[in-house]
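Novice: Sharing a structure, written as structure tokens. Questions coming.
The values are calculated or read from the model by the stated rules, or taken from the named source; none is laboratory data. None of these values were measured; they are calculated from a predicted model. FYI the Cβ positions are ideal-geometry reconstructions off the backbone, even for glycines, and counts take in every protein chain you see.
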Amino acid sequence: MNEYEKKERERPKPTLVTSAVIAHDGKYLLVRDDKFNFWRPPGGRVEWGETLEDTLRREMKEELGTEIQIIRTIGFGEDFAYHQTLDHKTHRVIFYFLCRAKNPILGYGDEGAGNARMKWVSRDEFLKETDMEPAFKDMMRRFDIRNILRMHENTERAEKFMTKHPLSSRVKESYFYHVRGVRKFAVLLCKFYNADIEIIEIASILHDIGADAGSKEHAEKSAEMAVPVLEKMDISEDKKERILSCIRHHSLYTPAENLEEQIIQDADSLSFFDGFWKLYLEERMIKKKRNKKEAISDTKEKLRVMEDKVRTDEGRRILAELINKTQNDLEEYAKGKL
Ligand SMILES: [Fe+2]
């Protein structure tokens, strides 16, 4: 080791940390142990060679005994906190992620079996906790976490409603696959056109909840069923109206009147070209008692109509990427090769 390397080794450095803001049913997890004298979202130091997300997954397994799903990045903050175990002040840069726990959390420390303290608090209590780690407070000054959590709670409410109300006219897996696909493309288009993500996500999750009413009436029915779901959300009246309007105008019979509505229309169509066509085809056989040949011809017709429904430039570009493969796959399927 040369002189420079030696000096580098000895030079104190800031610590990189990742933290998980774990959301569950409108509550958020805070922990407290002997390392620091404040409440904080659970987290830990990034080790050499790990990505921020790797660290988070490892730490949550070690500390809480759970796998997590990382929903989105919230932001970062820094502090010079006194670390009681190390007995010195550390300069910490903390990256915060919004997460969901995949397993029940029983405790904090030693894979959930430890005796450090933990508590689940509401969004307000979480954000107003005075005895909170300084880096988190710093992050709150830099990023709009209140709005991020509010939007997450609303989206989750919509998701919960959708998954708990499967349709009698649809095969459950096929319906959920379609909604996931619509959401995926809607979010892509939303980012491209800088539309309102909350409106787009909630509208795509709820757009087909009234599908049992049949193809002509279902858009109106979905909107009607969405009203009480939206009523329970912390969301402005203007946004509620715009979400309902997206739902009402998502089908073939109700042309889109603005960009948000067109995004939902485009995404609804694009989902067919992203694998959903096959589930649609099989659903025709199961639910409508069509034979294979008829179901294939129904699906071809449906794809033609759906192709026409895509109107934004970016939507057309995505469609162009998908369409050949879809048509080939459908031919192969017809020949019994897929
Ligand atoms: Fe749909």
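Novice: For the list (1) outside the structural domain of K289 (by TED's automatic domain parsing); (2) aromatic (F, W, Y); (3) farther than 21 Å from T73 by Cβ, I need the number of the one condition that F126 fails.
Specialist: Only one criterion is unmet by F126, namely (3).
Novice: I'd like the full set of residues that are more than 16 Å from the ligand (Cβ to nearest atom), under 16 Å from D234 (Cα atoms) and acidic (D, E), limited to segment 135-187.
Specialist: D144, E153, E156
Novice: Considering every residue within segment 83-90, establish whether at least one is farther than 17 Å from L16 by Cα, touching a strand residue (DSSP E or B) at 6+ places or on another chain (Cβ under 9 Å) and at pLDDT below 95.
Specialist: no
Novice: In segment 33-71, what count of residues is obtained for those that are assigned to a strand (DSSP E or B), under 12 Å from F95 (Cβ atoms) and under 22 Å from the mean Cα position of the chain (by Cα)?
Specialist: The total comes to 2.
Novice: Could you tell me which residue of segment 194-231 is nearest to the ligand (Cβ to nearest atom), considering only residues that are touching a helix residue (DSSP H, G or I) at 6+ places or on another chain (Cβ under 6 Å) and more than 21 Å from L167 (Cα to Cα)?
Specialist: I200
Novice: Given the conditions (1) β-branched (V, I, T); (2) away from the ligand (no atom under 15 Å from the Cβ); (3) not in a helix (DSSP H, G or I), report the number of the one that T254 does not fulfil.
Specialist: (2)
Novice: Continuing with the same structure: E261 - would you say it is assigned to a helix (DSSP H, G or I), within 15 Å of the ligand (Cβ to nearest atom), within 21 Å of the chain's Cα centre (by Cα) and surrounded by fewer than 24 Cβ atoms within 10 Å (Cβ to Cβ)?
Specialist: yes
Novice: In segment 264-315, what residues are more than 14 Å from the ligand (Cβ to nearest atom) and assigned to a loop (DSSP other than H, G, I, E, B)?
Specialist: If the condition is that a residue be more than 14 Å from the ligand (Cβ to nearest atom) and assigned to a loop (DSSP other than H, G, I, E, B), then K288, K289, R290, N291, R311, T312 are the ones that fit.
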